[in-house]
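Structure, as structure tokens:
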Amino acid sequence: MDSAEAAATHTSPHLESSNVNNVQEENGGEAVVPLQPTTTPSGAPMPTTTDPALIEAWDRCWTVVKASPGEFDVWEELMRLADRQDGGFTPDAPPANIANVRILYDAFLEKFPLCFGYWKKYSDLEFLSRGPEGAIDIFERGVKGIANSVDLWVQYCTFIMEHKADNREEIEQLFERGAKCVGLDFMPHVFWEKFISFYEEKEEYSKMFQLMERVIRIPMHQYARFYQQYVQVASTRPMSEILTEEQYSTYKAKATTREGQEESSKEEMTEEQLEAEIRRLVIEASGLIYARTAEETNKRWPFEAEIKRPYFHVKPMDMPQLSNWRRYLDFEETEGDVERIRVLYERCLVTCALYEEFWLRYGAWARSLSNVDLLQDIYSRAVVMVPSSNPSLALTLAMIEEERGDNEAARRQYQKTLENLPGHIETIVRFANFERRISPGDLAAAELVYASQLGLDNVDVLTQTAIVTLYAKFLWQVRKDIDGARAIFKTGEGKFDSKFYFSNYIKFEMDQPGEDYEKRVSAVYEQVRYSGLSESVRNDYGQSYLDFVMEFGSSAARYNQLEADIKAPSVYVAQSRKRAAAAERAEEEERAKKQRQEEEDEAKKGDVAMDGQAQIFEHLEKEGVATASDAGSGLADPAHAQWAGPASGYSYPPATE
């Protein structure tokens, strides 16, 4: 059951008694309070309102998203309707209000976890209902759903700084978590500014400076501004205050030792001179870092400048945008920095989340790292975002779960895929072989996969044919159940006209020895002869049938009769069709020749007509009947010459005759 179905079948809590119209009836002296419906006609949770139009719209929207969870606009309409419920969303709101909003946001964000703005709105609502802990719960879910959202991490860190201001360690740890997720983004400046200001407010200048040194190494949009800020701090704060003890010792040794100078001849430096020299060395070293960062930023700028939509949306991407992401990924993979490659894939799969090709490409790259946990994470998110009509991602995830040893998770993926796509052949084969691999001593579960897909009403004949054939092959080749396989093959007799079915059925019977060997194989070949397969295919099978009777048959008369029935008519038909095709080609060539001649004759007539029309124009102009400006009006057109003739001295029959 998906998120929309779960939400639509949820039963909301009973409305508060203040919202219920009490209707008293005498019944043993007790008042009877009629129960209010807790669900709409479609099974959705009932909104707390007396407005019938709102209830109708609410029910209609839930019906749509239950059938089509990808209808983004309808989800948005549902959220607007939820805001109109009586009582709002506060600690004093009716319990049904709070339940309805939670059901709605949980269902929506399960389907669209990349919509960071809705995580923020949900956390605001939970803050009103449950306070800071409620908001934190939603923020935690949000940064798992879209871990590379700079905005969401900034909002989360800001919230913790406001509501847990005294817990410096927790705030610091949260910032470091955010840095791992969004620090290498091309536009992370708001996050880094917030992190730097946290240390500055705490007057932890050493940590602040170390953080700034990390930041100036990152290729990003505003790298130069962070470098200027770094130089300003290095120029104004005491070196002993902003450098670690190890850094200070290293720079001090460099400052007090000149190149080529003996240890014994070192000059003593004053404290001011030492400070100035260390400061110079620090800024000089940072200049090299800045140059490298500028170079790396400029490499990426052409790709970044082409990114027009860095956020998730259900609208399709245009081709130039998709091409830019492909080229950008090619570039980073060539550069070879694993962390930067990972970060770019994560950014790409916010914008291009609905495109299977990028998930598959990310998975292929992760596979090259032999990181099965990363693979599991990638494909778990992919199956949420990519429409279930294409199950290749879900099937890959099932294989990864099996590889990780989580067989129950793998089984759930197969089962869910078959629920969405009954009779999907690849899923059936993979599911059955999964059960075979994990239980080699007991093949009942594997057989059940095939058996459960027999006789489905909502699959076409080709799919039914494949299921029957594959099931029979499983019984024959894996379970070694010859009678069972034959029984399944026989269920297709007279129903399936398929080369796949007949080829496997023939091969099966030819592999089974016995006294009735010729009879059994011949029976299948006879079905082919009278099947709905094309004549050419039946002829191919017929030749194979003749070869079989020659090699394994017991009667020359039988072979001669088959040759007369199969081979001779086929030769005659082939020759007859060859003659007919040759005659048709000759006829077509004659028609084409005649048409070319007619076109040439028409062209000659047209030339004569044009010459005649030119003479008419010349004569009419002399007589003053038609001027040059009248020529385009049709006045002197041969089709009108009958009524133009008397004035011009010419008389022509109507052009329509």
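Numbers at a glance
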{"read-out": "So Arg309, is it under 42 Å from the mean Cα position of the chain (by Cα) and open to solvent by less than 50 Å² (accessible area, probe 1.4 Å)", "value": "yes"}
{"read-out": "Residue tally, condition among the hydroxyl-bearing types (Ser, Thr, Tyr) and open to solvent by less than 30 Å² (accessible area, probe 1.4 Å), over the stretch 429-462", "value": "1"}
{"read-out": "Filtered residues of the stretch 290-312 (kept if out of contact with any Lys or Arg (no Cβ under 8 Å at 6 or more places or on another chain) and either at pLDDT below 95 or not in a helix (DSSP H, G or I) (or both))", "value": "Glu306, Ile307, Lys308, Arg309, Tyr311, Phe312"}
{"read-out": "Sole exception among (1) hydroxyl-bearing (Ser, Thr, Tyr); (2) buried (at least 19 other Cβ atoms within 10 Å of the Cβ); (3) over 29 Å from Val150 (Cβ atoms) for Tyr227, by number", "value": "(3)"}
{"read-out": "Positions within the stretch 62-92 being over 18 Å from Phe112 (Cβ atoms) and in a loop (DSSP other than H, G, I, E, B), in sequence order", "value": "Arg84, Gln85, Asp86, Gly87, Gly88, Phe89, Thr90, Pro91, Asp92"}
{"read-out": "Residues within the stretch 169-182 that are of a type outside the set (Val, Ile, Thr), over 14 Å from Val143 (Cα atoms) and surrounded by 14 or more Cβ atoms within 10 Å (Cβ to Cβ), tallied", "value": "1"}
{"read-out": "Output for the stretch 483-500, where each listed residue is open to solvent by less than 50 Å² (accessible area, probe 1.4 Å) and at pLDDT 95 or above", "value": "Gly484, Ala485, Arg486, Ile488, Phe489"}
{"read-out": "Any chance Val143 is closer than 30 Å to Ala305 by Cβ, at pLDDT 95 or above, within 23 Å of the chain's Cα centre (by Cα) and surrounded by 16 or more Cβ atoms within 10 Å (Cβ to Cβ)", "value": "yes"}
{"read-out": "Residue match in the stretch 408-425 (condition: closer than 27 Å to Val384 by Cα, modelled with pLDDT of 95 or more and exposed (fewer than 13 other Cβ atoms within 10 Å of the Cβ))", "value": "yes"}
{"read-out": "Number of the condition not met by Glu526 [criteria: (1) surrounded by fewer than 16 Cβ atoms within 10 Å (Cβ to Cβ); (2) of a type in the set (D, E, K, R); (3) not in a helix (DSSP H, G or I)]", "value": "(3)"}
{"read-out": "Options Leu78, Leu109: the member that is out of contact with any Lys or Arg (no Cβ under 8 Å at 6 or more places or on another chain) and crowded, with 19+ Cβ neighbours inside 10 Å", "value": "Leu78"}
{"read-out": "All positions within the stretch 186-224 that are β-branched (Val, Ile, Thr) and either assigned to a helix (DSSP H, G or I) or open to solvent by less than 10 Å² (accessible area, probe 1.4 Å) (or both)", "value": "Val190, Ile196, Val215, Ile216"}
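Here is a yes/no grid of residues against (1) of a type in the set (S, T, N, Q); (2) within 30 Å of Arg436 (Cα to Cα); (3) in contact (Cβ under 8 Å) with a residue 12 or more places away in the chain:
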| site | (1), (2), (3) |
| --- | --- |
| Ala487 | no, yes, no |
| Gly494 | no, no, yes |
| Asn504 | yes, yes, yes |
| Pro513 | no, yes, no |
| Asp516 | no, no, no |
| Val537 | no, no, yes |
| Tyr559 | no, no, yes |
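The values are calculated or read from the model by the stated rules, or taken from the named source; none is laboratory data. All of these numbers come straight from a predicted model, not from anything done at the bench. Backbone-built Cβ (ideal geometry, glycine too); neighbour counts: all protein chains shown. These accessible areas exclude ligands, DNA and RNA; they are computed on the full protein's heavy atoms, side chains included. Shrake-Rupley method; radii C 1.70, N 1.55, O 1.52, S 1.80 Å.
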